[in-house]
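The values are calculated or read from the model by the stated rules, or taken from the named source; none is laboratory data. Remember, it's a predicted structure, so these values are computed and weren't measured experimentally. With ideal geometry, Cβ positions are generated from the backbone for all residues, glycine too; neighbour counts draw on all protein chains shown. Please note that ligands, DNA and RNA were not included when accessible areas were found on the heavy atoms of the full protein model with its side chains. Shrake-Rupley method; radii C 1.70, N 1.55, O 1.52, S 1.80 Å.
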Amino acid sequence: MKLLRLLILFLSISTFAQQGGMWIPSLLEGMNENEMKSLGMKMSAKDIYDVNKSSMKDAVPHFNNGCTSEVISPKGLLLTNHHCGYGQIQSHSTVENDYLEKGFWAMRLEDELPNEDLVVTFIVKIEDVTSKVLENTQSLTSEADKQKKIQENISALTNSLPKESWQENRIRAFYDGNQYIWFVVETFKDVRLVGAPPSSIGKFGSDTDNWVWPRHTGDFSLFRIYADKNNRPAAYSKDNVPYTPKHFFPVSIDGVKENDFTMVFGYPGRTQEYLPAVAVEQIVNELNPAKIEVRDAALKIQDGFMRKDKAIKIQYAAKYASVANYWKKWIGETKGLKKSNAVQIKKEFEKDFMDKVTKAGKQAEYGNLLSEFEKNYKEIAPYALSRDYFMEVVMRNTELLSFGYRLVQLENLYHARGEKAFNDRKENFIIGFEELYKDFNALVDEKVMEQLVELYATKSPKQFLPEGLLNQDLKAKTAEIFSTSKLTSYNSFKELLNGDAKTVLEALNKDSGFTFVKMLTEAYNKNVLPKYDEINLKNMALQRTYMKGILELSPKEARIFPDANSTLRVTYGKVKGYAPSDAVYYSPVTYLEGVMEKYVPGDYEFDVSPKLIELYNNKDFGPYAENGKLPVNFIGTNHTTGGNSGSPAIDAHGNLIGLNFDRVWEGTMSDIYYDPAICRNIMVDIRYVLFVVDKYAGAKHLIEEMKIVHPKQKKKKKK
Ligand code: ARG
Ligand code: GLU
């Protein structure tokens with residue numbers, strides 16, 4: 001018995017040991033491919049990425065430079081999350097015709113809705129260009145000069161490396177600048193909305209369930225890529241035709257079970273897995289709590305208004321969701337880092353690293369690294385905290401201040417680059433701000449500003465704040481700004497920007513909102529930013545050296561993956577439950593029963609539509625159920641982060657089985673410390689997507705476009 005348990009423990013440790021990490025798709029051959037096969041994958045690395053032939057990467061475009069999406073039909077049908085298409089769904093909605101609330105389904109191509117400014121970007125080719133990017137930089141001793149030369153090399157290469165006229169070259173740093181990779185990409189600009197479930201499905205559980213397992217959200221929406229007659233990217237035109245992809249995913253409706261192989265392919269945004277312990281300590285104890293407190297205040301106010309006023313609810317829907325999303329993530333991350341003793345684990349890793357440095361006789365290169373980190377992070381602490389306050393209060397969560405901030409930059413642009421640059425940006429503002437003001441409500445924003453500037457004045461390090469913020473009646477100041485500033489409506493904003501540079505700058509400098517932001521910005525630019533940048537540059541250089549040391553001194557079999565940087569990555573693992581706390585075990589699949597368990601009639605997060613209840617009562621699940629139950633979500637050990645939203649979850653054969661959209665609460669710290677025992681990604685089961693499209697929406701024509709497969713049934717028949 002004991003032996004068996006030991007064996008099980010050993011087996012589970014060894015399968016976990018092969019998980020975690022976000023890998024570069026062109027470099028899977030060898031270690032990753034072997035691991036993936038041992039986890040059950042039946043494909044080869046070449047099926048995932050191949051320069052010469054079409055491969056899976058040709059079906060996974062970056063969605064609007066933020067999320068991920070996948071092509072699921074030969075006619076360019078594109079699947080992503082509901083929360084990724086949210087802005088587009090919102091932009092087509094009005095109080096009378098609210099697609100967020102009711103859902104939207106185009107029953108014919110002609111009904112598909114064009115979206116200004118929505119793009120999807122495919123990767124055509126991936127190639128290492130490290131030596132070219134680092135050419136003539138080795139001899140430079142100053143970090144600033146080195147970075148400048150690297151940037152010059154990157155721009156020169158971006159201009160000279162071969163590509164087709166409609167393509168684009170991009171070069172990105174990996175391993176903190178120890179490796180550089182060149183991507184040839186293709187961006188499609190005509191992407192139309194095809195379908196979206198109502199929020200009661202697509203956002204079921206809303207913010208209460210966000211980042212939480214067990215989950216029951218049908219977080220998907222459908223788009224279609226359009227191309228010109230030559231199947232190339234083109235701006236929107238009614239003459240464009242559905243794009244014919246190089247590859248699209250077959251959809252498996254055979255379902256998943258615990259321990260099945262899964263792989264997630266997408267564009268993870270940013271992780272910091274190799275931070276020194278001292279930096280993690282700062283995030284846990286200082287930076288996260290500060291950001292959480294600011295957002296907490298802003299969210300409470302917005303929520304109060306949204307619950308009372310339907311128009312405000314639509315206006316603030318996307319903004320609120322995005323502010324709430326990271327607010328909640330930081331809370332989970334902080335908890336998880338504490339509970340998993342991440343700081344202690346990083347300290348042990350560092351001790352081990354230093355031992356290796358000594359053994360290898362590399363003290364000259366790496367010996368001072370950690371003490372330097374220690375010193376720099378102490379020194380940067382008040383600057384980093386001030387910077388987060390400025391970003392959260394001024395640039396992010398008070399709209400009037402963030403508008404003002406952009407105008408302060410406009411003034412600076414005039415002084416730096418003259419009238420022409422000023423006029424160009426001014427014209428852009430006049431066009432661009434119309435959208436922003438459409439979703440702006442001065443009543444809401446005034447209350448937000450009142451609280452946030454108070455927090456800023458009392459909590460941000462005082463030594464860097466301007467006189468005009470300290471010891472003031474900020475409530476009165478806010479009221480004065482909202483009653484006199486021209487930043488409170490689009491019409492008066494346009495008035496403010498009317499005329500030549502001199503007139504505009506004069507008007508701006510008389511505006512109470514503008515002058516207030518200018519005062520805050522000038523203090524920040526003078527007292528915080530230069531010093532922050534100076535220390536941060538040093539830390540970046542140290543981080544690069546640290547990374548180099550880790551790569552150099554780790555054993556060959558160590559799994560050292562580059563931090564996420566919004567480039568295409570592969571992560572893989574298994575479908576797996578987890579134990580979040582003592583005596584609790586979460587199984588890996590949820591069912592429609594769970595939706596009904598959570599159902600609160602009329603609730604703004606947990607309402608269920610009558611149509612779904614009817615389908616549930618009649619067990620009208622079509623071919624999508626399993627033993628009479630309809631699967632909704634499942635979890636796995638894939639290592640994902642923000643940007644992986646909408647990523648395809650793929651089975652051992654390369655078929656689509658789900659759609660990534662979140663991580664579990666206990667594992668949100670995986671951006672900084674990935675623990676395979678409790679870090680899980682959350683996916684929508686593809687059968688729930690198909691059920692909603694087919695049975696709920698009656699959009700059978702979309703199902704007919706897809707290629708539905710049965711890999712497991714086929715296997716059984718063969719036997
Ligand atoms: N947490 C998921 C992600 O990071 C989903 C966010 C959208 N949902 C929400 N309720 N805010 O994007
Ligand atoms: N929901 C996230 C996104 O928008 C993905 C979840 C995560 O951060 O892991 O990308």
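Some values worked out for this structure:
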{"read-out": "Scope the range 468-500; condition touching a residue at least 60 places away in the same chain (Cβ under 8 Å) and surrounded by fewer than 18 Cβ atoms within 10 Å (Cβ to Cβ); matching residues", "value": "Lys494, Asp500"}
{"read-out": "Some residue of the range 299-306 being under 18 Å from the mean Cα position of the chain (by Cα) and surrounded by 15 or more Cβ atoms within 10 Å (Cβ to Cβ)", "value": "no"}
{"read-out": "Hey, Glu522 part of a loop (DSSP other than H, G, I, E, B) and open to solvent by 50 Å² or more (accessible area, probe 1.4 Å) or not", "value": "no"}
{"read-out": "Cβ pairs under 7 Å, 6+ apart, first in the range 320-341 and within 15 Å of Thr208 (Cα to Cα), second surrounded by 19 or more Cβ atoms within 10 Å (Cβ to Cβ) and hydroxyl-bearing (Ser, Thr, Tyr)", "value": "Ala321/Tyr86; Lys329/Thr668; Gly332/Thr668"}
{"read-out": "Filter result for Ile150 (free of Cβ contacts under 8 Å to residues at least 40 places away in the same chain, touching a helix residue (DSSP H, G or I) at 6+ places or on another chain (Cβ under 9 Å), open to solvent by less than 50 Å² (accessible area, probe 1.4 Å) and not in a strand (DSSP E or B))", "value": "yes"}
{"read-out": "Ala652 vs. criteria away from ligand 2 (no atom under 16 Å from the Cβ), within 17 Å of Lys257 (Cβ to Cβ) and outside any strand (DSSP E or B)", "value": "yes"}
{"read-out": "Number of the condition not met by Lys477 [criteria: (1) over 33 Å from the mean Cα position of the chain (by Cα); (2) in a helix (DSSP H, G or I); (3) under 27 Å from Lys420 (Cα atoms)]", "value": "(3)"}
{"read-out": "Answer residue from the range 551-564, given it is out of contact with any Ser or Thr (no Cβ under 6 Å at 6 or more places or on another chain) and surrounded by 19 or more Cβ atoms within 10 Å (Cβ to Cβ) and is nearest to Gly177 (Cα to Cα) among those", "value": "Pro562"}
{"read-out": "Strands (runs of 3 or more DSSP E) (entirely within the range 568-626) containing at least 2 residues that are within 30 Å of Met56 (Cβ to Cβ)", "value": "569-574, 589-591"}
{"read-out": "Top-ranked residue of the range 671-689 - restricted to ones that are among the hydrophobic types (A, V, I, L, M, F, W, C) and open to solvent by less than 10 Å² (accessible area, probe 1.4 Å), ranked as farthest from ligand 1 (Cβ to nearest atom)", "value": "Ile686"}
{"read-out": "Answer residue from the range 215-246, given it is closer than 20 Å to Pro648 by Cα, more than 13 Å from ligand 2 (Cβ to nearest atom) and part of a loop (DSSP other than H, G, I, E, B) and is most open to solvent (accessible area, probe 1.4 Å) among those", "value": "Lys246"}
{"read-out": "Residues (of a type in the set (D, E, K, R) and either open to solvent by less than 20 Å² (accessible area, probe 1.4 Å) or within 16 Å of ligand 1 (Cβ to nearest atom) (or both)) located in the range 247-272", "value": "Arg270"}
{"read-out": "Of all residues making up the range 641-670, the number that are within 16 Å of ligand 1 (Cβ to nearest atom), touching a helix residue (DSSP H, G or I) at 6+ places or on another chain (Cβ under 7 Å) and more than 14 Å from Ser69 (Cα to Cα)", "value": "7"}
{"read-out": "Among the candidates Gln363, Gln282, Gln302, residue that is away from ligand 2 (no atom under 16 Å from the Cβ), in contact with a helix residue (DSSP H, G or I) (Cβ under 8 Å, 6 or more places away or on another chain) and either closer than 28 Å to Asp603 by Cβ or of a type in the set (Phe, Trp, Tyr) (or both)", "value": "Gln302"}
{"read-out": "Candidate set from the range 627-643 (those that are over 22 Å from the mean Cα position of the chain (by Cα) and open to solvent by less than 50 Å² (accessible area, probe 1.4 Å)); member that is nearest to ligand 2 (Cβ to nearest atom)", "value": "Val632"}
